[in-house]
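**Q** Dropping the structure in here first, questions after.
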Amino acid sequence: MRVLILGGTGEARVLAAALHARPGTDVVSSLAGRVNLPARPPGRVRSGGFGGATGLADHLTAERIDVLVDATHPFAASVTANAAAAALATGVRLVVLRRPGWTERPGDEWRRVPTLDAAAALVPELGRRVFLAVGRGGFAAFAQLPGWFLLRSVDPPGPPLPADRWVVLDRGPFTVDGERALLRAHRIDVLVTRDSGGAATSAKLTAARELGLPVVMVDRPPLPPGVTAVTGVAEVLARLPV
Ligand code: NAP
């Protein structure tokens, strides 16, 4: 059985390791190829886009892929749409893996918004010193806002960026102690994040709760019509033929 994993996430690496160890399964992980020094999954790895849904469909056929697993980040909506279209066009089985989103706890002060633009519209009424943990592609939505911004991303962000800013380059997992210290050191008033889910980057939410800070939580983009997702690696494995 040949499995292509669209990856770039921790779950994709765990899944690749499990399939790599499975006799009779040939697994290839696909990375977008945009991050410097990406964490590499076990087994074969390819890098770079396919050229849209058509390019991905051609790749599935040429490589005789039996199962396509979309284990990309919950906000990587384009590649997920391409995966759905390519699976439909080729008849290749598609399994979508999405880690669960975060849920509010007692003491949290979250404001859920549908988009980054909606988050940017809300931020000025919540504070002047803003921690943006939205990925480097998300900073542009805040570029025209007044106030001071702490930007954190894995790789250096490009313009447009908020004028008054401090950039921190870092990659999770993060600790509650570290996040609390960061929020305090920069006297942050409000945290903006996307509902990525998972444990690696959830410490900022605990720290914000402890410090009584509001959080603007950007909701995930919807899955393509007719597509459903499983939430864990074990569920993906259970859906694959042995
Ligand atoms: P995106 O906007 O949905 O994808 C844009 C284009 O990048 C796709 O159309 C595709 O190009 C290419 N691409 C994306 N993921 C790919 C993959 N795994 N293998 C091969 N090509 C891929 O995605 P994105 O938000 O830029 O995310 C890119 C990658 O980074 C994904 O693997 C994702 O899991 C990972 N990641 C994203 C985030 C995030 O915040 N979005 C966070 C952590 C990790 P073609 O159309 O040419 O095929």
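The values are calculated or read from the model by the stated rules, or taken from the named source; none is laboratory data. Nothing here was measured: the structure is a model prediction, and the numbers come from that model. Note: ideal-geometry Cβ built from the backbone for every residue, glycine included; neighbour counts use all protein chains shown. Keep in mind that these areas ignore ligands, DNA and RNA; they rest on the heavy atoms of the full protein, side chains included. Shrake-Rupley method; radii C 1.70, N 1.55, O 1.52, S 1.80 Å.
**Q** Touching a helix residue (DSSP H, G or I) at 6+ places or on another chain (Cβ under 6 Å), open to solvent by 20 Å² or more (accessible area, probe 1.4 Å) and within 7 Å of the ligand (Cβ to nearest atom): is that true of PHE50 in this structure?
**A** Values: touching a helix residue (DSSP H, G or I) at 6+ places or on another chain (Cβ under 6 Å): yes; open to solvent by 20 Å² or more (accessible area, probe 1.4 Å): yes; within 7 Å of the ligand (Cβ to nearest atom): yes.
Yes; evaluated as a whole, the condition is true for this residue.
**Q** Next question. If you scan region 98-112, which residues turn out to be closer than 16 Å to ALA203 by Cα and over 17 Å from the mean Cα position of the chain (by Cα)?
**A** GLU104, ARG105, PRO106, GLY107, ASP108, GLU109, TRP110
**Q** Can you name the residue in region 66-80 that is near the ligand (Cβ under 7 Å from one of its atoms) and touching a residue at least 24 places away in the same chain (Cβ under 8 Å) and, of all such residues, is nearest to VAL242 (Cα to Cα)?
**A** Our first condition is that a residue be near the ligand (Cβ under 7 Å from one of its atoms); within region 66-80, this holds for 72-73, 75-80.
Then drop every residue that is not touching a residue at least 24 places away in the same chain (Cβ under 8 Å), which leaves 72-73, 75-77, 79-80.
Details: THR72: 23, HIS73: 26, PHE75: 30, ALA76: 29, ALA77: 30, VAL79: 27, THR80: 25 Å.
Among residues in region 66-80 that are near the ligand (Cβ under 7 Å from one of its atoms) and touching a residue at least 24 places away in the same chain (Cβ under 8 Å), the one nearest to VAL242 (Cα to Cα) is THR72.
**Q** Looking at region 113-139, which of its residues are over 17 Å from the mean Cα position of the chain (by Cα), surrounded by fewer than 17 Cβ atoms within 10 Å (Cβ to Cβ) and touching a residue at least 12 places away in the same chain (Cβ under 8 Å)?
**A** Residues satisfying the conditions are ASP117, ALA118, LEU122, PRO124, ARG128, ARG129.
Yes or no, residue by residue, for (1) assigned to a loop (DSSP other than H, G, I, E, B); (2) under 18 Å from GLU11 (Cβ atoms):
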{"position": "LEU68", "(1), (2)": "no, yes"}
{"position": "ASN82", "(1), (2)": "no, no"}
{"position": "VAL95", "(1), (2)": "no, yes"}
{"position": "GLY101", "(1), (2)": "yes, yes"}
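**Q** For region 23-44, check the following and say yes or no: at least one residue is assigned to a helix (DSSP H, G or I) and over 17 Å from PRO222 (Cβ atoms).
**A** Going residue by residue through region 23-44, those that are assigned to a helix (DSSP H, G or I) are none.
So far as region 23-44 goes, no, none of its residues is assigned to a helix (DSSP H, G or I) and over 17 Å from PRO222 (Cβ atoms).
**Q** Being surrounded by fewer than 18 Cβ atoms within 10 Å (Cβ to Cβ), within 16 Å of the ligand (Cβ to nearest atom) and not assigned by TED's automatic domain parsing to the domain that holds VAL95 is true for just one of ALA163, ALA200, ALA181. Which residue is that?
**A** Working: ALA163 fails: within 16 Å of the ligand (Cβ to nearest atom); ALA181 fails: within 16 Å of the ligand (Cβ to nearest atom).
Only one candidate qualifies: ALA200.
**Q** With respect to THR25, is the statement that it is over 30 Å from GLN144 (Cα atoms), of a type in the set (Ser, Thr, Tyr), more than 13 Å from the ligand (Cβ to nearest atom) and open to solvent by less than 50 Å² (accessible area, probe 1.4 Å) true?
**A** Details: over 30 Å from GLN144 (Cα atoms): yes; of a type in the set (Ser, Thr, Tyr): yes; more than 13 Å from the ligand (Cβ to nearest atom): yes; open to solvent by less than 50 Å² (accessible area, probe 1.4 Å): yes.
Spelling it out, THR25 is indeed over 30 Å from GLN144 (Cα atoms), of a type in the set (Ser, Thr, Tyr), more than 13 Å from the ligand (Cβ to nearest atom) and open to solvent by less than 50 Å² (accessible area, probe 1.4 Å).
**Q** Moving on to the next point. Can you report the number of residues in region 28-39 which are more than 13 Å from the ligand (Cβ to nearest atom) and either basic (Lys, Arg) or surrounded by 13 or more Cβ atoms within 10 Å (Cβ to Cβ) (or both)? Outline the logic, then answer.
**A** Taking region 28-39 and keeping what is more than 13 Å from the ligand (Cβ to nearest atom), we get 37.
Restricting the remaining residues to those that are either basic (Lys, Arg) or surrounded by 13 or more Cβ atoms within 10 Å (Cβ to Cβ) (or both) gives none.
Total satisfying the criteria: 0.
**Q** Separate question: Taking ARG171, is it open to solvent by 20 Å² or more (accessible area, probe 1.4 Å), of a type in the set (D, E, K, R) and within 14 Å of the ligand (Cβ to nearest atom)? Walk me through it before giving the result.
**A** Numbers: open to solvent by 20 Å² or more (accessible area, probe 1.4 Å): yes; of a type in the set (D, E, K, R): yes; within 14 Å of the ligand (Cβ to nearest atom): yes.
Taking the combined requirement at face value, the residue satisfies it.
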